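Read-outs throughout are calculated quantities, based only on the coordinates presented, and are distinct from any laboratory measurement. Computed from a predicted model, the values in this text were never measured in an experiment. Cβ: placed from backbone, ideal geometry, glycine included. Neighbour counts: every protein chain shown.
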Amino acid sequence: MQNKGFNKVLIKHRAETVMKYTRGDICLEAGCGEGHITKYLVKRFDHIDAIDNDQKVLNKIKPYKNLCKTCIPIEKFCTPTLIYDTIICTQVLEHVDDPSKVIDVLKTHGDKDSVFIFTVPNAISVNRLVGVDLGLIPYPEYLDTQDLEVGHQRMFTPETFEDLMEKHFEIIDFGTMIYKPLPNAMMEKLPNSVIKKMIQMEVNEMGAEIYAVCKLK
């Protein structure tokens, strides 16, 4: 995901939401991509392990003294002697073969005091429901060409994502964020003042992204 246009707005709001829930000094960012969240984390933590299975995107992250970058699938990551205070996994679980397997691996790297923060796209966001009404997609969870191009294997609704989280964790906070009634390309044509108001609007279950803040049971 490129950090420009309306994507940049989404990334900034996602990062600000994530940062509100961080704790401790040591962080694991699983599926860090090009480091859009990482650049916030390096200012917050003494040490960050950022992992991704794509070396090309890892190379785009600037070097920091408190950052260790590793090219590895989340499912194969293992640091048996290190427990993280905060474990972050944003916009990843919709891409992987088995979300529960990824979560099980991440759980082994935390303890009862660790916080786990996840985000995923929302299948019943306003813009996707509008797409259904206009006949652009047959149903909210449908994977269209754009979804497939970016590697989505599934879409979560708040209900299905909450069910997944409850199987693995005790949920501390859960909700959706970012009112987005139109596709990104159309959102970019709106004045900044309008976009700012949309970001601040209450979204209920129809925000563009779902977030879950959890701890081990």
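The packing ranking of peptides 68-77, 47-56, 161-170, highest mean first, is 47-56, 161-170, 68-77, where packing means the average number of other beta carbon atoms within 10 angstrom of each residue. Only helical runs count toward this figure. For the chain, summing -39,500 (n - 2.57) over DSSP H runs of n ≥ 4 and dividing by all residues gives -8500 deg cm²/dmol at 222 nm.
Size descriptors for the chain, from the alpha-carbon set: Rg then Dmax equal 16.9, 53 Å. Per the Debye formula on identical point scatterers at the alpha carbon atoms of the range 129-187, with no solvent, log10 I(q)/I(0) at q = 0.21, 0.27, 0.30 Å⁻¹ is -1.03, -1.24, -1.28. Along the range 106-117 the Karplus relation, 6.51 cos²θ - 1.76 cosθ + 1.60 evaluated at θ = phi - 60°, assigns HN-Hα couplings of 5, 4, 6, 9, x, 9, 5, 9, 6, 10, 10, 10 Hz to successive residues, with x for each Gly and Pro.
Over all directions, the projected convex hull of the C-alpha atoms in the range 4-51 averages 3.2 nm² in area. Normalised by residue number, the volume inside the convex hull of the Cα atoms of the range 37-104 is 100 Å³ per residue.
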